[in-house]
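For reference, the structure is listed below as structure tokens.
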Amino acid sequence: MQPPPSEDRAVSVITRQERGALVLTVSGDLDIDSVPPLGRALEAAAGEGTGPVVVDLSGVGFADSTTVNVLLQGQTALGGRLRLAAPSSFVRRLIGMIGLDSAIPVLQNVDEAIDAPLPS
């Protein structure tokens, strides 16, 4: 039996509007038990607006295959509106290993992600 997640592993998804984009700032470790808030936020984002949806991953220390699946589901729902920003070094390695950056744009920071043109 696994111990319950500790408070320091709790995931937070803070949503804000910035210059026409919806920015989801994610913090914590993302795994099968903790990724649902991100999935819900991406699902909600698909129903609102037409601007970019930026997932700020700078505060994510760990992510696994369930996180990748949630991001790909978000990409399916949002299409070219979804972009990832500022992944931590662990998340950047994961993205590179599995080639997620070929499906979802990954940018250095939130400003670049907001300013990147939407596909026409």
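The values are calculated or read from the model by the stated rules, or taken from the named source; none is laboratory data. Since the structure is predicted, the reported quantities are computational estimates derived from the model, not experimental observations. The protein model used for the area step is the full one, side chains on, heavy atoms only, and it has no ligands, DNA or RNA in it. Shrake-Rupley method; radii C 1.70, N 1.55, O 1.52, S 1.80 Å.
Structural remarks
- Here the Karplus relation 6.51 cos²θ - 1.76 cosθ + 1.60, evaluated at θ = phi - 60°, turns the backbone of the stretch 105-116 into coupling constants of x, 10, 10, 5, 8, 5, 4, 4, 5, 5, 7, 4 Hz, with x for every Gly and Pro.
- Area of T50 that stays accessible when all protein chains are in place (1.4 Å probe, Å², to 10): 120
- Under the span-like rule (Cα at least 24 Å along the axis, Kyte-Doolittle mean at least 1.6), DSSP H helices of the chain: none
- Percent antiparallel among DSSP beta bridges (both partners in the chain, rounded to 5): 35
- Taking every protein chain into account, the accessible area of the stretch 19-120 amounts to 46 square angstrom per residue (probe 1.4 Å).
- The alpha carbons of the stretch 30-86 stretch over 29, 20, 14 Å along the principal axes, in descending order.
- Under the Debye formula (equal points on every Cα, no solvent term), log10 I(q)/I(0) of the chain at q = 0.09, 0.14, 0.18 Å⁻¹: -0.21, -0.52, -0.87
- Shape descriptor for the stretch 66-120: Rg over Rh equals 0.94 (Cα atoms; Rh from the Kirkwood inverse mean 1/r).
- For the stretch 32-104, relative contact order (Cα pairs under 8 Å, six or more residues apart, normalised by length) works out to 38 percent.
- The chain - percent of accessible surface contributed by carbon and sulfur, probe 1.4 Å: 55
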